[in-house]
Amino acid sequence: MKQIGQGRTADIFEHQEDENMIIKLYKRSFPEDAINQEFQISNLVYSLGINTPQPIELIQLDHRKGIIFRRISGVSLLKIMGKSPLSINKHSRKLATLHHNLHGHHVVGELRQQKNVLSNNIKSASALTESEKNIIIDYLEKLPHDNNRLCHGDYHPDNVMVGEENWIIDWMTGMYGNPAGDVARSVILLSTGTMPNGTSKHINSVINFLRDKLKKEYVRHYIELSGLDYADIDRWILPVAAARLVEWMPKEEQEQLLKIIKERLRAVS
Ligand SMILES: Nc1ncnc2c1ncn2[C@@H]1O[C@H](COP(=O)(O)OP(=O)(O)O)[C@@H](O)[C@H]1O
Ligand SMILES: [Mg+2]
């Protein structure tokens, strides 16, 4: 099978018998529940009319679980930005507009609730003490529930594909909750990050500069579209950063995340 893409959780292959389909094949150790969840959430999101690849069926291949999706044509916004860094403002605005559009959908019931997802992850974060976890969870509970809006849960430029149309992919973490929390997660994703070992100092500083520009322009435009204040987003940073500690990431990135968390903890306790 010809491989056409790769993410953190899965490899993407062309379907051998149908060129209009792709197979997202998960890493062998990947939990089955999460794959079923991605299938279910993708179905729901597709049925809402959001531009996302239509999920067709769950399959098993070479002892790996997978999902067949309809193939879409496009290139990830991350790749596009890499190729035309001078247009970063334009791309950041697209990132914000598409995010704001998906937040226009009300959903309840079938999806997990943002505060539950966050507090479950915070409870499992081994890098935090029990007392730190309690402070963050109490703080989270006091944040505004707001309306039950569709949230992506992992919205970043590699989960947006741009072709003749714009597509939002990779819905495993889809949930309902407060859009400000969903934007805070994107801010965290755009704030921390490391390049592979051996990347030169120069490349590193260029990447950091672009990432910062992307983040600022994305937030500025999201605020403009939504009418939120930056404070509405900023107050979600602490719980969202703490919840992210359960995900695998390079040690240096975890240290950046912990630094943000410790600073914010000092401010609330
Ligand atoms: N339906 C699709 N049609 C065409 N390419 C796809 C499709 N879904 C995913 N891809 C390609 O595979 C990459 C990884 O997919 P993604 O669902 O984000 O995987 P992961 O969960 O591992 O991040 C995407 O960036 C894209 O290049
Ligand atoms: Mg992805």
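Throughout, read-outs are computed from the coordinates displayed, never taken from laboratory work. Predicted, not measured: the structure shown is a model, and the values here were computed from it. When we count neighbours, we look across all protein chains shown, and the Cβ atoms used for this are built from the backbone with ideal geometry, even at glycine.
So here's what we get for this one:
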{"item": "Relative pair counts by distance (%), Cα atoms of region 93-171, 10 Å bins", "result": "15, 37, 31, 15, 2, 0"}
{"item": "Region 162-269: GluC sites (Glu not before Pro) falling in loop per DSSP and having at most 16 other Cβ within 10 Å", "result": "Glu164, Glu165, Glu247"}
{"item": "Coarse-grained scattering of region 152-269 at q = 0.21 Å⁻¹, given as base-10 log I(q)/I(0) from a Debye sum over alpha-carbon atoms", "result": "-1.42"}
{"item": "Region 206-269: trypsin sites (Lys or Arg not before Pro) falling in loop per DSSP and having at most 16 other Cβ within 10 Å", "result": "none"}
{"item": "Convex hull volume per residue for region 19-87, taking Cα atoms only, in Å³", "result": "126"}
{"item": "Residue (of His15, Val160, Ile135) at the positive-pole extreme of the chain, dipole from beta-carbon charges", "result": "Ile135"}
{"item": "Relative contact order (%) - region 9-154, alpha-carbon pairs under 8 angstrom, separation at least six", "result": "18"}
{"item": "Helix-only [θ]222 nm of the chain, DSSP H runs n ≥ 4, -39500 (n - 2.57) each, per residue, nearest 500", "result": "-15500 deg cm²/dmol"}
{"item": "Taking the chain and dividing mean pair separation by its residue count, relative contact order in percent (alpha carbons under 8 Å, at least six apart)", "result": "20"}
{"item": "The chain - Kirkwood radius from inverse mean 1/r over Cα pairs (Å)", "result": "19.5"}
{"item": "The chain: DSSP helices with Cα axial extent of at least 24 Å and average Kyte-Doolittle hydropathy no lower than 0.0", "result": "none"}
{"item": "Neighbour-limited loop hits for trypsin sites (Lys or Arg not before Pro), region 15-52 (at most 12 other Cβ within 10 Å; DSSP other than H, G, I, E, B)", "result": "Lys27, Arg28"}
